[in-house]
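Read through the structure below, which is laid out as structure tokens, and then see the notes.
Please treat every number below as a calculation from the coordinates, not as lab data. Keep in mind the model is a prediction, meaning the values are calculated, not measured. FYI the Cβ positions are ideal-geometry reconstructions off the backbone, even for glycines, and counts take in every protein chain you see.
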Amino acid sequence: MATTLEADLAGLDALEIAVPRRRSRAARIWAATWPKIGAVTLALMLWQLLVWSSWKPEYVLPGPATVFKALFDNLGTYIAASAVTLQRAAIGFTVALIVGTLIGALVARSRILRSAVGSMITGIMTMPSIAWFPAAIVLFGLKESAILFVIVLGAAPSIANGFIAGVDNTPPILMRAAHMLGARGWKSFRYVVLPAALPTYVSGLKQGWAFAWRSLLAGELLVQIAGQESLGRSLDNSRQFADYPGLYATMIVILAIGILVDSLIFGQLDHRIRRRYGLVDAAANE
Amino acid sequence: MTQTQALEAATQARQAAAISLVNVSKVFGNTDDATHALDRISLDVAPGEFVCLIGASGCGKSTLLNLVAGLDQPTSGVVTVRGKRTSMMFQESALFPWLTVRDNVELALRLDNLGRPERRQRVHELLEMVHLEDFGDKRPHELSGGMRQRTALARALAQQADILLMDEPFGALDAMTRDLLHDELEALWTRTRLSVLFVTHNVREAVRLGDRVVLLTSRPGRVADQYVVDTARPRRIDSSDVARLAASITDRLREEVRRHGDDARS
């Protein structure tokens, strides 16, 4: 009897386990890349058409070829400027990560704090980061700390909100199951609530990065520190010295870094976690 | 037997019961639009007994289970659970999606403060018991519904509970899988002699599995009838004994359901 049961179960298991159709690594990368290449090509073509239409004189709106030539001619300068800006971004985002997570954890755990500051966090998110700068300059002077202050204000609320939303959306059935297994207090937080909150928390990080990057560039336009060639400063200089190919080249660098960090770091992290949690259809995304 | 003696015998049986409910009522909402989910229910489950609770919608089956699990409190009456440990299975597997099959079972042991080497040994035994030893590294979403429920069963048994509450655990499975899981559960129960309170709306399933089938009325939930199933184990869901008893319970259940239609019309 027992052996029949075992054989029956094994047979059924074999039938029911879905065998995902795996494509080769190259095919998967190609499938993910070609739409992006297509989109970029299309955007460049539209840009070139706009230039050919003579909507604006060519020295004001140069074509892609001129801009990319300017970009590669001064590649060293752009790399140096990007390094300064990226370093600020890294420091600012790290501080925002710590502050946002701490606030998120406190608010998620405490009912009083939640009613006190819960809605305020979203309120701060609606404040345009540029509006913080006058106060930041008054408080910190024209220094890097003024920029970092605004990055943290821009990114931390998203991160805190992601954490809180993740905790709130813990499926009740999992909480009941954990309760029956004897998980209470800290243990249920550590083993159930935190892991359940992770996907939403990572979405909060992704959004926080977008806010941080925006605040940073706004800050670099306003707070320029002597001797530090940043992307924001390069943008401002190009405009002032009428180096329009340089202006658009800087914009392309800013856009490219924003997209790359978003997709390579946060997008990858997000996708991995979602796949692990079974939140994406593995067969469709492989 | 005098009345006192009978009362004493009843009290003794109750004291020995693994689960005992005495005059338990549960009311949801306030006085104006209160829902009487359970109305003065008395019910015992003896140690090692397999009791199935059956009833139509709104009979408060799940409410009753939550009271026994301690997830909710009765409005009045007394719920007593005598056992080392109570565990529970739900209609959904309620497995933690971020953990593998092995880690899901292991977490139950970790929460029980078991050391690492013992945990590894126990997880192996438990997965073998539900015939999932080859699937320890899979995550819940990679498994079929039946395999998820077997993992949930292994997890529920990990902490060596002697009382197992089951809330329609096979309700979402296809007939073939359910049939096999009945066999598996019966085999496990025969070996471990847990006290089981099994809630279902499937009369055949109740008769297939239970030592006793308790039929509840709906709104308010009361005990309408009880049936002792004395068919020898292992049983088959398609045996004529099971079918015959299931048919008479179904008739009684329909009678109960019709009563509500009459109430609504009048």
Along the principal axes of its C-alpha atoms, what lengths does the range A:155-201 span, in descending order and rounded to whole Å? 38, 18, 12
Between the alpha-carbon centers of the range A:220-244 and the range A:149-188, tell me the distance in whole angstrom. 41
Quick check: pseudo-label points 7 Å beyond the Cα along Cα→Cβ at B:H260 and B:D174, how many nm apart are they? 3.0
Show me A:270-279, A:241-250, A:62-71, A:38-47 ranked by packing, highest mean number of other Cβ atoms within 10 Å first. A:241-250, A:62-71, A:270-279, A:38-47
Run the numbers on chain B and let me know its relative contact order in percent, using alpha-carbon pairs under 8 Å that are six or more apart. 26
The range B:108-266: radius of gyration over Cα atoms, expressed as a fraction of 2.2 N^0.38 Å: 1.23
Residue-averaged 222 nm ellipticity for chain A, from DSSP H runs of 4+ at -39500 (n - 2.57), nearest 500: -25500 deg cm²/dmol
With R₀ set to 60 angstrom, the calculated FRET efficiency between the beta-carbons of A:I112 and A:L86, to the nearest 0.05, is 0.95
Separation between the A:I29 and A:V280 pseudo-spin-labels, each 7 Å from Cα along Cα→Cβ, expressed in nm? 1.7
If you scale each eigenvalue of the Cα gyration tensor by 5 and take the root, what three semi-axes come out for the range A:214-286, rounded to whole angstrom and sorted largest first? 38, 13, 7
Can you give me the pair-distance distribution of the range B:29-154, C-alpha pairs, 10 Å bins, whole percents? 10, 32, 29, 21, 7, 1
Rg and Dmax in Å for the range A:19-105, alpha carbons only: what are they? 20.8, 59
Only Cα pairs under 8 Å and at least 6 apart count here; give the relative contact order of chain A as a rounded whole percent. 24
If you average the sequence gap of Cα pairs under 8 Å that are 6 or more apart and divide by the length of the range B:1-151, what percent do you get for the contact order? 20
Against the 2.2 N^0.38 Å rule of thumb, the C-alpha Rg of the protein assembly as shown sits at a ratio of 1.33
Exposure proxy ranking, count of Cβ atoms within 10 Å, fewest first, for B:H131, B:H260: B:H260, B:H131
Using only DSSP helix segments of four residues or longer, with each worth -39500 (n - 2.57), what per-residue ellipticity at 222 nm results for chain B after dividing by its residue count and rounding to 500? -13500 deg cm²/dmol
Specify the angular offset, from 0 to 90 degrees and rounded to the nearest 10, of the alpha carbon long axis of helix B:3-16 from the longest principal axis of the alpha carbons in chain B. 20
Report the Rg/Rh value for the range A:114-261, based on alpha-carbon coordinates and the Kirkwood definition of Rh. 1.15
With Cα coordinates, the longest principal axis of chain B makes an angle with the long axis of helix B:116-129, in degrees rounded to 10, of 60
Express as a percent, rounded to the nearest 5, the fraction of DSSP beta bridges in chain B (both residues included) that run antiparallel. 45
Under 5 Å between amide hydrogens, which residues at least 5 positions from B:L216 or on another chain qualify, with H placed 1.01 Å from N in the peptide plane? B:I54, B:G55, B:A224
Could you give the semi-axes, largest first, of the ellipsoid that matches the range A:73-135, computed as the square roots of 5 times the alpha carbon gyration tensor eigenvalues and rounded to whole Å? 35, 15, 7
Using the Cα centre of chain B as the reference point, and only Cβ charges (+1 on K/R, -1 on D/E), how large is the resulting charge dipole? Debye, rounded to the nearest 20. 300
Report, ordered by chain and residue number, the aspartates and glutamates lying within cross-link reach of A:K69, taken as a straight Cα distance under 17 Å and ignoring same-chain residues fewer than 8 apart. A:E58, A:D243
In nanometres, what is the gap between the two model label sites at A:T126 and B:D230, each 7 Å from Cα along Cα-to-Cβ? 7.3
What pairs from A:K56/A:K143; A:K143/A:K187; A:K36/A:K143; A:K56/A:K206; A:K187/B:K84 go past 32 Å between their alpha carbons? A:K56/A:K143; A:K143/A:K187; A:K36/A:K143; A:K56/A:K206
Between the range B:63-123 and the range B:193-266, the Cα center-to-center distance that results, in Å: 27
Cα-based reach from B:K61 at 18 Å (exclusive), listing lysines while leaving out same-chain residues under 8 positions away: B:K26
Rg to Rh for the range B:154-214: what is it, with Cα atoms only and Rh by Kirkwood? 0.93
Eigenvalues of the alpha-carbon gyration tensor of the range A:208-256, times 5 and square-rooted, give semi-axes in Å, largest first, of 18, 14, 7
Of the beta bridges DSSP finds with both residues in the protein assembly as shown, what % are antiparallel, to the nearest 5? 45
Across B:92-102, the residue-averaged tally of Cβ atoms belonging to other chains within 10 Å stands at 5
Quick one: if the Förster radius is 41 Å, what FRET efficiency do A:A65 and A:I173 give, using the C-beta to C-beta distance and rounding to 0.05? 0.10
I need the trypsin sites (Lys or Arg not before Pro) found in the range B:201-244, filtered to DSSP loop residues with at most 15 other beta carbons within 10 Å of theirs. B:R236
Which whole number gives the average count of other chain Cβ atoms within 10 Å of the Cβ atoms across peptide A:8-16? 6
List the DSSP H helices in chain A whose Cα atoms stretch 30 Å or more along the helix axis and whose mean Kyte-Doolittle hydropathy is at least 1.0. A:75-109, A:144-168
If you consider only alpha-carbon coordinates, what radius of gyration and Dmax does chain A have, in Å? 24.8, 88
Residues of B:106-112, mean number of Cβ from any other protein chain within 10 Å of their own Cβ, rounded to a whole number? 4
